[in-house]
Every structure is written in structure tokens, then in C-alpha cells.
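Following: one structure in C-alpha cells, then a few remarks.
The values are calculated or read from the model by the stated rules, or taken from the named source; none is laboratory data. Since the structure is predicted, the reported quantities are computational estimates derived from the model, not experimental observations. Neighbour counts are summed over all protein chains in view; Cβ atoms, including those assigned to glycine, are modelled from backbone coordinates with ideal geometry. When the accessible area is computed, the model is the full protein with side chains, heavy atoms only, and any ligands, DNA or RNA have been set aside. Shrake-Rupley method; radii C 1.70, N 1.55, O 1.52, S 1.80 Å.
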Amino acid sequence: MEKKSRPPCYSIALLSATSLAYEVLLIRLFSIIQWHHFAYMIISLALLGYGVSGTFLSLTSSRLLPRFPKAYIVNVILFGLSTVGCYLMAQNISFNPEEILWDAGQPLRLLLIYLLLTLPFFFVANSIGLTLARYGSEISRVYASDLMGASMGSLGVILLLFLVFPSTALQVLGTMAIVAAALAWWEMKLHPRPVAFVLILFSIIPLLLPASLMKPVVSPFKGLNQMLNISGTRIVEEISSPLGLISILESPMVPLRHVPGLSLNATDEPLPQLGLFTDADAMTVITAHPKSREKLAYLDQTSSALPYHLFKQEKILILGAGGGSDILQANYHGVEQIDAVELNPQIIELVQEKYKEFSGQIYSAPNVNIHIAEARGYVSGSRESYDLIQVALLDSFGASSAGLYALSENYLYTVEALQEYVNHLSVEGMLAISRWIKLPPRDTLKLFATAVEALRQSGIDDPEKRLVLIRGWQTSTLLVKNSPFTTEEMVRMKKFCRERSFDLAYYPGITKAETNRYNILQEPYFYLAARALLSNDSESYIQNYKFNLHPATDDRPYFSHFFRWETLSEILSLRGQGGMPLLEWGYLMLIATLIQALVASLVLIFLPLLLFRRKSGYVPPKISRSRVGGYFFVLGLAFLFIEIAFIQKFILFLHHPLYATATVLASFLLFAGLGSAWSRRYANSDTYKTGVKLSVIAIVVVGLLYLIVLGPIFSLLGWMPAMIKILLSVLLIAPLAFSMGMPFPLGLARLGKVAPGFIPWVWGVNGCASVLSAVLATILAIHFGFMVVVFSALILYCLAMISFQKGWGDQ
Amino acid sequence: MKYIHKVLIPAVFVLLMIAFAFAEDPYVKARLDMVKAIEADVRTTSRYINTEDLDPKVMTVMGKVPRHEFVPSEARSLAYRNRPLSIGYGQTISQPYIVALMTDLLKVAPKHTVLEVGTGSGYQAAVLAELVDKVFTIEIVEPLGRSAKKRLKRLNYDNVTVRIGDGYYGWQEEGPFDSIVVTAASSHIPPPLIKQLKPGGRMVIPVGSRFMVQQLVLVEKDHQGNVTTRQILPVRFVPLTGEH
């Protein structure tokens, strides 16, 4: 059937593109079906399919390799079928994460979801692993195709998600995978030739599946589904982009009345609203255009209205404009110029175009300038100064209270961010940040600590005179002023709070007797904490607090990471008595993911070794399994460490999370692919060690250099237009990624010469390490920062170089 | 022999009674165990809820209301576990400990009229119905409201009136109320509900997700009409360690 064929490089590239796109898409889909952090855990573990494949191929490659073309194509077709099939099965398993500690059945369901989603990755890894094992001399080319294909996939999936709904994108991927099989048939010149055409025809099948079948089965506990239980509610609009699935909900019979933090004394009813859900949760609203200003009076009854009562603001900036509630609030107070920033252009389009009659096109008002940008980036690029910078209540209460944001990097609430905001205030200007209140207090206190730190780091020696914190039962508002608050302002602030029954938590000169009057807590926690955080003893207060209150920084941008190990056993012991909400789930999920991945990896890595041992004579005597396995393991860890850390570093430069991720990921994969292709010359001339040595030296030198110079480069060039910054980022990534693309194929090529039977095993080892790496990188970043992640990666590369020196059977 | 008469006969009688009770209601023991579990939880949380024990009348009712009737048939075996259970439509029946705590916080008396917003399966309404004169309950999810209505009728809770609709405006014709329970999630406390609370009245709102109640908000209206909230963690937990 097959003569001396070339590796199916185009097919491999298309397959890798599809596989990477599939991974991104699954996270998107499961963020809609479940919640983002669960999506992250499920997909991370599903990627262990690569590890499973390594083990499987270790045991079967001797039988599969002689039938390579068939084995390759069958695996590609199975990948195509399982992309859609396994997703459909997995999404129909009713899994409720909140019941996981109550109900023993839930972990089993979760396991089943993992197993189902592991299958597609298993098949794709089989295809690529078999090709690597089959074409020993051409490994660099195969691997280059793999990486460059993945690079295209990382860009392609973002483009695809702009064009179609995630479920349709999945159908497209199913088709692409089967086209990859047809391509392989053609590339390998297999007979009968028309089969390639039959496969092309067959590839249309995923596209023909009915939309109703593909539609994500969203958890009944997500906000949107709960609202849909109410009579008369319906989704009137659904639009999708890589930033999320936006659903607009209309509820004509039972009006929506979303006004977080409304005063207990409020009597005004909110205006009619449309619900705006992102990924079937996190409701915000588009408010009906008010017939008169008075109709907006209810917005003056929330804690976030405080700054408007202290002095007359002429020019303000709203970060996170969304459906426009904060703009309406500013309009109510007669602000003359409003700059509003919103990341998602689709939301603006909905307000401005589709629902223009309903919303009254608030963003087109003469006093409003809307900017579609990432909030932090907008501020750092702006040369304006404002009387007020208002940071909207951006996340939903449900996710906030369950601690689900712990994993998400957030550059809005870091010390550096707050410094930047304050630098953009007029002399009398203020920064106002409202948050949901969690009990025992967490967010609000961490924000307060962050503000204190930001002011101190800016050289301000009287932060205690520039801070005000008030709270209702549900929300808190922190004010940071660019100069000391005046007595007159404090009189107005007290009046504002008294009229609305909001509590004073901190203001310059506060006494304990003034606190905890309307929304009574066991202790005046907020006041006590604010005093302690402003004292010289703040560090010991933070140390003794049962949640993590250390301010987030740009290097450790985890504002919502409140978890402390010291508190875990106490909380677990309170599990039956309502203690569950005290658990910070996000971080625990990360640890759970790591543990599960670690156990699975150990089995997957060591099982083939045990089985090898039984086949006496199979292992060439000079091969050191620990050195060879170690080499591919540390490479797997190091590659992703650097990739993940640099995505974060470049987010601060490119600002838009999507563009940053796409640019960094695609550039890394592309240049690593080129590096892999380049590494052939070392493989061909048998100078593997030189190749690895040179590449590792380059990685370490460039990596260290970047640790030092990237920060200054970014702050120097932060003002430049986005396109130039993207180009510059690509150029900066190129040398590093190019070098990083070399050690892996060189290792495989060297192994291919002395012990080709080991290739599937190290392929699996590398796959397992990659899964662990992504999780470990986040844990390291949470605890030590991204600098440490990069530094660890550089050390790992050095270790790889050392383990490459001997023990490879060819000395 | 006469001792046998004195000991054995009453013992046999008691055993027969227990067996009879179990035959009548196989959930009696489960319910008693549930009550014990709640009592144990309350004791460990006493400092935070400002009481060593919950009102004995509340505990008696917790031991009486057939919770298994308020859960879906497939979850009956779990009905008396101290955990929340799904009742469909993305809604839950709360953890018994939380139901007891909420009921206790309301400080209801037999002559009281209580409003509940968010009927769910009707369990909380049934508990309240055992303690007060009249319970008015509103459910926004139509199928849930209908089945709760039927269930409460079948179980002879004649002092409960179920209405299907929007709870935001309360139930003005029947108000003002001595107590209000709001179990349906809301971004704020609806002003009409505060208005329909009698001076001296109490309103309880659980805050958190469907399966995990983070805190209970007790809204109190004093005799002058001033409204305050008290936020109660249902659990013994001090955020600071050591002295500070």
C-alpha cells in the first residue's frame, strides 16, 4: 500500500491547527455550559490524552508502525468524529460542581466528562506520535509542521469565534479533522486514490448536524437559565465572540430590577431593563431610556453614587461601561464630560444599534465618549486627567462569592494599576471602586490594602487622609483621593451615608462609635481592618488574617486569590455547618487539577517503563531512562512556563487579553516551528549536543535579558499604536521561541537513531509534563510571580541541557 | 416474675409503639437524626447566632414536617440529610440547618402572619405554617408554584396560601407582615417588602448560591420604622487568628 513516502506534513499541520483550536474551543464551550474554572480544569485534564497516547503507542507501536498510513488515518478520522461526538456526550452529563462535596455521584460524573474529552486528544496525539516515531530522520520537519499548524490554529480559532457560534465552530473543526485525513491520503499517495475524495465528502457530515443538537446544554444553576424559568422571559438576542457569548434577555411580565447595593431606604423603582448575560451568567443590564432625569433617582441610592455628592465633577472616566448603568448614574448627576471604556465592542453595538430605541443610545450623547479598549491599557495610554475614575462592579455576585476568580489574572486591581489611576486624577480628583461584599470580608479589604500600598509606593506619606470606605449590606465603595479629603467633604459623606443607611467603614478621623450602625456585623470588621491596614503593623494584621489580603501586583495579578492553606482545615471541619462558602474554590480547583494530573502522569509515565522491563532486550543498555525521560519532561514544563508567563507579560503591553494571547501564542508556536525546522542541520550532521547547547544558551541569555528589559521597553513604548506594538511583540518573541523550538526535535532525532522504540514514551512524557506545566505555572505565579515562572523555566532548560550530555546510548 | 410484668410489658409496649410509628412513617428516625444534627450544629455556632439553642418550638416542627414529601421522589432517601437538594428548575430545597436557623431568626409567634417570597417546593412554608396563623407564599416559577400548592394542600397545610407571580411587590392585600422570608435571589431588598414589614417585624434573606448559603441577612424594622440589617454567618468562624 505505502512505498517510501514523505511524512504527511500538511495533514499534520492541519491536524495540529484543529487540535489547538479544539482545546481553546472546549474551554469556551464549557465556560458556557459550566463555569470558566471548571472548564479550565476539565480541559487541562483532557489534554492528558497526549500522555495516554504515549503509553498506548509505547505498547502498540511495534504493531502499528508497519501499518503506519492506515493507523494514522484511522486515528485522524477518530479524532474528527470524537471532537463532536465526545463533546455531545460530555455536555449531556449533568454535573453540578456545587454538589461535589455533598454527593458522591458528582465526582464520578466529572470523571466521565474527563474520560470522554480525553479521547479526541488521545487520537490526535496517536496520529502525531506515530508520525514522529515513523519518520525518525524527518522529525524536525514533522515537529515543525506540528508547531506551525498549531500557530495557525491559535489565530484561526479566534477568527472563527468572531464569525460563528462556538457550537458551529466545533462542527467546522470536526470537518477540518476529516479533511486532514483526506490530505494525508493524498500526501502519502495511498491507493485507491479516490478515497481522498470520499473522505472530503464524508467531512461534510459534522457540518450537517442540526443546530439544536449542538447547542450547549447550560447548567440549570447558571443565572440565565434561572431567569428563563420565569414566565414570559425569552432570549431576544445571542451574539458570540472569543470574549464570550452574550445573551440578551427580555422579561415583559416580571420586570428585571437589577440594582446592586440599593439602599434600604430607597423607594424609587428601577427603570425597565434588559438582562445582558455573558456565558449564560454574570448579569448586567441595559436600562430603558429615562423619560426624565428623575426616573434615574434610584441610581443615586447606591453606594457608588457617593463621589458625586462630595464635589461637582466635570470630567469623569468610567471603566467597564457595559450596559451603561454607570453612565446613567453620572448623567443623573449632570456630569459634563464622560469618557467610558468598554472592552467588548459587541456590547456597545447592542446598546447603540440593536436596542437603540430602548436604550436611547446613551453612548451617542454629546457628553459621552465611548472607547472600545481594555480599561488598564486605556488609562496608561491616556494623557487626560479626570475628576473621577469610576471602576464599575464588573463581576457577578455569584462568581465573586464562590471565589471563582482566583485563577484569573486581573490587571485592574493591582498596586501598579491603582497608582496609574491616581496619576490620571485631577488635583481634587478621586478614584471610586465598588465591590460586592463577601463575609468574612475579603475583596474590600484587599482593595483597601492595595490602595494603601499604591499610595505609599507613590511616595505619599499620608494615605490615611486620602481614603474613604463605606458599605451597605451588599456592596462597598472605596474612594481614593489625589489629595487629602476636606472637612466639608466628610460632612457631605456622612450625610450621604446617613440618608441611605450606609455604614462608615473608614474616613480620616473616624471613631469606632460611628461604625457598624445600619448593617450590623458581629464586629465592625471593615473599620478594624482599615485601621490596622493603615497602621505600621499592617503586615502582621495581614499575616493573621484567615484570607489572603496581600495586595496583587502586576507580577502576581491575582486580586481574587484569597485562599490560605492555614485556614483550610478549619473550614473543612465546618463543612456541615454552613462552612462551605468560606472555601475559596478557584484555588482549590487548581490544586485539585494538579493532583489529578500528577497522579495520572505518574501512572502514564511509569506504566510503559514497567512493561518495557518485561520485554527483555527491548531497552538498549546504554540508555538512561531517567535522563531521556527527564529531558523531555523538563522541556514540556519549561516550554509552557515561558509561553504562559510571556502571555501575561505581553498583556500588560498589548493590553487587550485576546490580542495578547493570540499574538504571543501564535508567535511562539510559529517561531518554535521555524526553530525546529532549522534544527535539522544539527540532526543531519550528528551534532545534536551542539544544537541543544546553543539553543539553551540562547534561551537563557534572551530570557534573562527580557526579565530585565521588557518592563522598561513596555513602559517606554506603551503609547504606540496597537499594530506597531503587536509587530514589536512578534519581533521580541521570535529569537526566544526560535531557540525553544530546537531542543525537542533534536532530542527526538537523537533518540530515533539509537532507540526509536522510546519515541512514543517520551512523546507521552512530554504530553504529561505540558499538562502539569500549565497548572504549575499558575500556582507558581500566584505564590511567587511570573518572574519566578520564567526564571524556573530557564533553570529547567539548563537541566535539560545537562541531561542531554550522556546516557543517550550513542556516546 | 412480677418484675417481668413491670419491665417487660411496658418495654414491649414502647417497642410496639415505635414499630407502629415506623410503619406509619418510616422517616421518623431519619427526621430525629436530622434534628439532632441541627442541634449539634447550632451549639457549635452559638456565639454567632447569639443563642445556645434554637427555639424548641422550631426544633419540634423540624422534627415533624415530612421533608421527604418536599423533595423529588428520586431524592427521598436523601431528604433528611443535612444538605440542600435540587428540586428542579435550577432551584433547591435549603439545608435543614439553614431552614431552622432562618425560622428561628424570624422569632415568629402563633398569631403572626408571614410572607414568603420564593416558595420552591413549599418546605419552608410548611415549617412556618406549623408555627404561625397564616403563611402567604409567592413563587415566580409557575410549575414549582403549582406543585407546591398541590403538595401543601395534600398535606393539609390549610393556613398556607400560594400565589404564582412576581414577589417584588409583596402581597399588599394581606400585609403588613410580622415576618418575611425572601428565598428568591435579588440584587437588592425590594422596597415594597420593607414597606410591608410591620414595625417590630423581621425579614430574613439568605445570601449566596443555591447550594451554599454564605450569610443570612436579618432585616429589622424598629417601632419607629427605622430599618437595619444584621448579617449573620451561619458558621463559627473568626476572620482573624490570635490577638489583634
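Just a few scattered comments:
- Filter result for A:ASP537 (open to solvent by 20 Å² or more (accessible area, probe 1.4 Å), of a type outside the set (Ser, Thr, Tyr) and not assigned by TED's automatic domain parsing to the domain that holds A:ALA449): no
- Under the condition of being open to solvent by 30 Å² or more (accessible area, probe 1.4 Å), facing another protein chain (nearest Cβ under 7 Å) and under 19 Å from A:ARG471 (Cβ atoms), the residues counted in segment B:186-244 number 4.
- Across segment A:90-104, the qualifying residues are those that are in contact with a Pro (Cβ under 8 Å, 6 or more places away or on another chain) and open to solvent by 30 Å² or more (accessible area, probe 1.4 Å), and the one among them that is farthest from A:ILE32 (Cα to Cα) is A:TRP102.
- Given (1) touching a residue at least 60 places away in the same chain (Cβ under 8 Å); (2) more than 10 Å from chain A (Cβ to nearest Cβ), index of the condition B:SER77 fails: (1)
- The set of residues in segment B:68-101 being buried (at least 20 other Cβ atoms within 10 Å of the Cβ) and part of a strand (DSSP E or B) consists of B:LEU85, B:SER86, B:ILE87, B:GLN91, B:THR92, B:ILE93.
- Matching entry among A:TRP565, A:TRP585 (being closer than 25 Å to B:PHE211 by Cα and free of Cβ contacts under 8 Å to residues at least 60 places away in the same chain): A:TRP565
- Under the condition of being closer than 22 Å to A:LEU271 by Cα and in a strand (DSSP E or B), the residues counted in segment A:357-389 number 1.
- Complete set of residues in segment A:16-42 that are part of a helix (DSSP H, G or I), surrounded by 24 or more Cβ atoms within 10 Å (Cβ to Cβ) and touching an Asp or Glu at 6+ places or on another chain (Cβ under 8 Å): A:SER16, A:ILE32
- Filtering segment A:506-533 to residues that are buried (at least 19 other Cβ atoms within 10 Å of the Cβ), in contact with a Pro (Cβ under 8 Å, 6 or more places away or on another chain) and either within 13 Å of another protein chain (Cβ to nearest Cβ) or outside any loop (DSSP other than H, G, I, E, B) (or both) leaves A:ASN516, A:TYR525, A:PHE526, A:ALA529.
- Of all residues in segment A:802-811, none satisfies being more than 18 Å from A:TYR587 (Cβ to Cβ) and under 32 Å from the mean Cα position of the chain (by Cα).
- Filtering segment A:534-550 to residues that are assigned to a loop (DSSP other than H, G, I, E, B) and under 23 Å from A:LYS465 (Cβ atoms) leaves A:SER535, A:ASN536, A:ASP537, A:LEU549.
- The single residue among A:PHE547, A:PHE559 that is away from chain B (no Cβ under 14 Å), in contact with a Lys or Arg (Cβ under 7 Å, 6 or more places away or on another chain), among the aromatic types (Phe, Trp, Tyr) and in contact (Cβ under 8 Å) with a residue 40 or more places away in the chain turns out to be A:PHE559.
- Within segment B:33-72, restricting attention to residues that are more than 14 Å from every other protein chain (Cβ to nearest Cβ) and more than 18 Å from B:GLN124 (Cα to Cα), the residue that is modelled with the lowest pLDDT is B:GLU52.
- Restricting attention to segment B:207-244 and to residues that are touching a Gly at 6+ places or on another chain (Cβ under 9 Å) and polar (S, T, N, Q), the residue that is nearest to A:GLY223 (Cα to Cα) turns out to be B:SER209.
- Test: residue in segment A:250-257 that is part of a loop (DSSP other than H, G, I, E, B), open to solvent by 40 Å² or more (accessible area, probe 1.4 Å), of a type in the set (Val, Ile, Thr) and within 14 Å of chain B (Cβ to nearest Cβ): no
- Positions within segment A:66-106 being within 25 Å of A:PRO581 (Cβ to Cβ), part of a helix (DSSP H, G or I) and over 28 Å from the mean Cα position of the chain (by Cα), in sequence order: A:GLY105
- Of the criteria (1) farther than 19 Å from A:LEU478 by Cβ; (2) of a type outside the set (Ser, Thr, Tyr); (3) in contact with a Phe, Trp or Tyr (Cβ under 8 Å, 6 or more places away or on another chain), which one A:LEU317 fails: (1)
- Spans of helices (runs of 4 or more DSSP H) in segment B:102-200 with at least 2 residues closer than 24 Å to A:SER251 by Cα: B:142-154, B:191-195
- The lone criterion from (1) touching a Lys or Arg at 6+ places or on another chain (Cβ under 8 Å); (2) closer than 25 Å to A:VAL427 by Cα; (3) surrounded by 24 or more Cβ atoms within 10 Å (Cβ to Cβ) left unmet by A:LEU469 is number (1).
- Selection status of A:GLY785, small (Gly, Ala, Ser), surrounded by fewer than 20 Cβ atoms within 10 Å (Cβ to Cβ) and at pLDDT below 95: yes
- Evaluated against (1) away from chain B (no Cβ under 13 Å); (2) surrounded by fewer than 23 Cβ atoms within 10 Å (Cβ to Cβ); (3) at pLDDT 90 or above, A:ILE286 falls short on exactly one condition, (2).
- For segment A:566-602, the set of residues classified as open to solvent by 30 Å² or more (accessible area, probe 1.4 Å) and hydroxyl-bearing (Ser, Thr, Tyr) consists of A:SER569, A:SER573, listed by residue number.
- Subset of segment A:87-132 [away from every other protein chain (no Cβ under 14 Å) and either in contact with a His (Cβ under 9 Å, 6 or more places away or on another chain) or farther than 23 Å from A:TYR22 by Cβ (or both)]: A:PRO107, A:LEU108
- Contact annotation: residue pairs with Cβ atoms under 8 Å, 6 or more positions apart or on different chains, pairing a residue in segment A:340-361 that is of a type in the set (Ser, Thr, Tyr) with a partner that is part of a helix (DSSP H, G or I), are A:SER359/A:VAL351; A:SER359/A:GLN352.
- Condition check for A:GLY747: closer than 26 Å to A:ALA133 by Cα, touching a residue at least 24 places away in the same chain (Cβ under 8 Å) and open to solvent by 10 Å² or more (accessible area, probe 1.4 Å): no
- Single residue of segment A:624-657 satisfying the filter (in contact with an Asp or Glu (Cβ under 9 Å, 6 or more places away or on another chain) and farther than 19 Å from A:TYR558 by Cβ) that is surrounded by the most Cβ atoms within 10 Å (Cβ to Cβ): A:LEU654
- Any chance A:LEU271 is at pLDDT 90 or above, more than 9 Å from chain B (Cβ to nearest Cβ) and buried (at least 23 other Cβ atoms within 10 Å of the Cβ): no
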